[in-house]
Structures are given as structure tokens and as C-alpha cells.
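The values are calculated or read from the model by the stated rules, or taken from the named source; none is laboratory data. Bear in mind the structure is a predicted one, so any value in this text is a computation, not a measurement. Cβ atoms come from the backbone with ideal geometry, glycine included; neighbour counts cover every protein chain shown.
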Amino acid sequence: MAHRVTLIPGDGIGPEITAAARLVLEASGAPLEWEVVEAGEKVIPEFGTPLPPHVLESIRRNRVALKGPLTTPIGHGFRSVNVALRQELDLYACVRPAQTLPGIKTRYEHVDLIVVRENTEDLYAGIEHKVGKDAAESIKIVTREASTRIVRFAFELARREKRKKVTAVHKANIMKFTDGLFLACAREVAAAYPDIAFEEMIVDAMCMKLVQAPENYDVIVTLNLYGDIISDLAAGLVGGLGVAPGANIGDAAAVFEPVHGSAPKHAGQDKVNPLATILSGVMLLKHLGLNEAAERVFKGVTAVLREGKVLTYDLGGNARTSEMAAAIAAQIA
């Protein structure tokens, strides 16, 4: 049976890298049917919004989407399209793997970790206001419900991926009520997973230890702000945002996308590295239970990287986006 997937090409370089990912995923033999819908800056003249209702309806109907990067206009009153998607679809878990790949220049050799970030609250809830003319205040929201479900999500992911350890990252030594609540929930959930090791780490120490010895970490679960920072740090360990896939997952839908932005200055040049989007496609296949197809795609990616002959400029080569995608598809075939 074919799986119907919403495909949002996106802005800037989005159409090129999603086309590359589509070519590669189809080469895997995965039974996918694409429903292409447009969102972002380009649709504002037609719909008056970067996120038209029919886009959300498509994702709700298909329950899974592959999305290119979207541009949120500055100074036009539109909120972030990515934040709006997460809120409208209750995509409460942001999942960002970081894995060392052959041929990618980095100082680290054995990184293979996943950052799980709570997506709905914390300081990113955006509840802030001015206090007089010379001060401002932002309110940090942490709830038992959201903390419990994100930690449980992390443990279930660890069990499914055969991971051995979950690390809960916090600042409860200072923020005893908010981060303290998150940590208490993490301890309660961890007790139900005796087969998976559990540890606690203060966020500043976590950043230091990730730089010192990232191979010691497996699944990291944390609050919204810390997760945003740590996931970019983790991407830096393995070569940068160009090789950083991501997903925003809820109980009723999941949206897979590269971590990097729309890079409008490179749009239409067929030169940008498509790996982050292709690897997001690997995550999508695994989410659908198409593990063999996911493995074929990942092996195709690593084969092309190891060979080193068809790489885009940022990876040390001179191949076009479409050429690198075609080379990966050929390896799969």
C-alpha cells in the first residue's frame, strides 16, 4: 500500500533540495505518493498568508510531510511559519540526529546522538512584555504534561532505535521551579524504563562535555531553548547544518525538514548540498516503518560521500545539487 506524503517545496533553495530528496527516496523503491502543496513567502500574494489552510489540511489528512525551508517575511506581521506549523498541529517533539558521516570534514569521528527538544512551551512560548521603558520581562512556562510527554517520547525513541542511554538536560540548580519540574518528570518517566540508562546533566556542563567527548551521549532530551542551542552545537560536531536533518513530531502528524534555512541568495543555482533534506527523508521512511528503504537511502548517501567524486561545493566538490542526488539514486539502484 502506498503512503501518501505531503510535499512542501518551500522558498529559496527549497524546490531544488526537495526535488533532490524526492528523486532519492523514489529510487529506494519506497511506496510513496506525493501531494505537492505550496507554502511560505511565495504564496502570500495569492492567499494573504504564508501558511494557507489547505496546507494544514493536507498534512492532517496524510499525517506526514516532507518540507523544504520556508521564509518568514520580516516586518509584515506574519509569525514564523515553522512555529505556526508546530502550534497548529501540536508537533511537540523536535527530533534532530547528529551522526558522523564519511568524507565530511570534522574533528570528531564517532558521533551518533539524537537531540529531542520540547517544542511547545518554555521561553519560546513568546509570553513577554515591557516593564516600563527600560526593562522587559519574558515568562518561562513549563508544565508537567508537556515535560512528561517529551521525556516519554525520548525513552520510546531510544527503545525503538536500540539506544542505551537518555540524558535529561536542565538548569534546575538555578531555576528550581520550572527546570525543577521538568527534572522531576524526567526522573518519574525514567523509572518506567529500567532497560535504558538515565542520567541528568546541567545545560552548561552538557555543552562542554559534548565538545569534549560527544561519543559518550546517545539520546538527549531537554526543554525548548536548551534544545535549540544544543541541536545546533551537535550539528557543528558532525559538519554543520548542511548535514543536519530534523523532524517535528506529534501524535497526529509529523513534518520532516532540513534544519538549515532557505538561503535565497543561492536559489535557482542548483549548487546547494541536498544531504540535510535527503537525511530528513530517511527519518520520514523510518517513521512510516519503511526501514529497509531507509537503510538503502542511507547506504547510498554514505557510498557517494566515501567515493568523494560527486559532491557539492560546500563538501569540497563541484557537482550540482541534481548531480549529487542522481549519484545517490544510482548507488541505491
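Taking first residues from segment 104-121 that are acidic (Asp, Glu) and partners that are assigned to a strand (DSSP E or B), the Cβ contacts under 9 Å between residues at least 6 apart in sequence or on separate chains come to Asp112/Pro97; Asp112/Ala98; Asp112/Gln99; Glu118/Ala93; Glu118/Cys94; Glu118/Val221; Glu118/Thr222; Glu121/Ile141. Within segment 181-202, the residues that satisfy the criterion of being surrounded by 17 or more Cβ atoms within 10 Å (Cβ to Cβ), free of Cβ contacts under 8 Å to residues at least 40 places away in the same chain and assigned to a helix (DSSP H, G or I) are Leu181, Leu183, Ala186, Ala190. Quick check on segment 147-165. Is at least one of its residues touching a Lys or Arg at 6+ places or on another chain (Cβ under 9 Å), of a type in the set (D, E, K, R), assigned to a loop (DSSP other than H, G, I, E, B) and under 26 Å from Ala294 (Cβ atoms)? Checked against the condition, which is being touching a Lys or Arg at 6+ places or on another chain (Cβ under 9 Å), of a type in the set (D, E, K, R), assigned to a loop (DSSP other than H, G, I, E, B) and under 26 Å from Ala294 (Cβ atoms), segment 147-165 yields at least one hit. Of the helices (runs of 4 or more DSSP H) lying entirely inside segment 1-89, those carrying at least 1 residues that are closer than 25 Å to Val272 by Cα, under 22 Å from the mean Cα position of the chain (by Cα) and at pLDDT 95 or above are 14-27. Checking Ile127, Ile150 one by one, the residue that is exposed (fewer than 15 other Cβ atoms within 10 Å of the Cβ), of a type in the set (A, V, I, L, M) and in the same structural domain as Glu215 (by TED's automatic domain parsing) is Ile127 and no other.
Yes or no, residue by residue, for (1) touching a residue at least 24 places away in the same chain (Cβ under 8 Å); (2) among the acidic types (Asp, Glu); (3) at positive phi; (4) crowded, with 19+ Cβ neighbours inside 10 Å:
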residue	(1), (2), (3), (4)
His3	yes, no, no, no
Pro15	yes, no, no, no
Ala27	yes, no, no, yes
Trp34	yes, no, no, no
Gly40	yes, no, yes, yes
Pro53	no, no, no, no
Glu57	no, yes, no, no
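On inspection, Lys299 passes the criterion of being in a helix (DSSP H, G or I) and farther than 30 Å from Glu57 by Cβ. Looking only at residues of segment 308-331 that are in a helix (DSSP H, G or I) and modelled with pLDDT under 95, we find that the one that is surrounded by the fewest Cβ atoms within 10 Å (Cβ to Cβ) is Tyr313.
Quick test for you: out of Ile114, Ile104, pick the one residue that is within 30 Å of Gly316 (Cβ to Cβ), modelled with pLDDT of 95 or more and surrounded by 15 or more Cβ atoms within 10 Å (Cβ to Cβ).
Values: Ile104 fails: modelled with pLDDT of 95 or more.
After applying the criteria, what remains is Ile114.
Answer with yes or no whether Gly227 is at positive phi and either part of a loop (DSSP other than H, G, I, E, B) or at pLDDT 95 or above (or both). No, not satisfied.
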